[in-house]
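Worksheet: one structure, shown below.
Throughout, read-outs are computed from the coordinates displayed, never taken from laboratory work. The model shown is predicted, which means the values in this text are computed figures rather than measured ones. Note that each Cβ is placed from the backbone with ideal geometry, even for glycine, and that neighbours are counted across all protein chains shown.
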Amino acid sequence: FQQHPYSKFFTGTRQTLQRNGIDARERLLQFYKTYYSANQMYLAINAPQSIDTLKQIIQDSCLDIPNTNPLPPEKKWNQIQLPYPKPSSDNNNNNNNNINSLIP
């Protein structure tokens, strides 16, 4: 993953991100510390590997993501129509580490 182009920040420069006395890096870190939580994440994978292989990759990569159960940063997020069933509130209150498969 380290070699993937998206593994690095690629929008803006130090000058454009520090305008008007705002430290964008510090604000991004604060956002990350506040909202980076498993209960706010969904992962979709389209890959040629078998389901069992993909499940193992996901478990090895994602099980350590903390679930701090924060509320979404904007109430608007609750208004967005999801392209899949919305998880029940029970799934948001504990770290179930659910993996669901949809095979066409």
Among 37-44, 15-22, what's the highest-first ranking by average C-beta atoms within 10 angstrom per residue? 37-44, 15-22
Just grab the label-to-label distance for Asp23 and Ile57, each label 7 Å out from Cα along the Cβ direction, in nm (one decimal). 3.8
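Based on the alpha carbons, how large is the Rg to Rh ratio for segment 9-70 when Rh follows Kirkwood? Show your work: numbers first, answer last.
Details: Rg = 16.8 Å, Rh = 14.6 Å.
The Rg/Rh ratio comes out at 1.15.
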What is the spin-label model distance, in nm, from Ser50 to Tyr6 if the labels are put 7 Å beyond Cα along the C-beta direction? 2.7
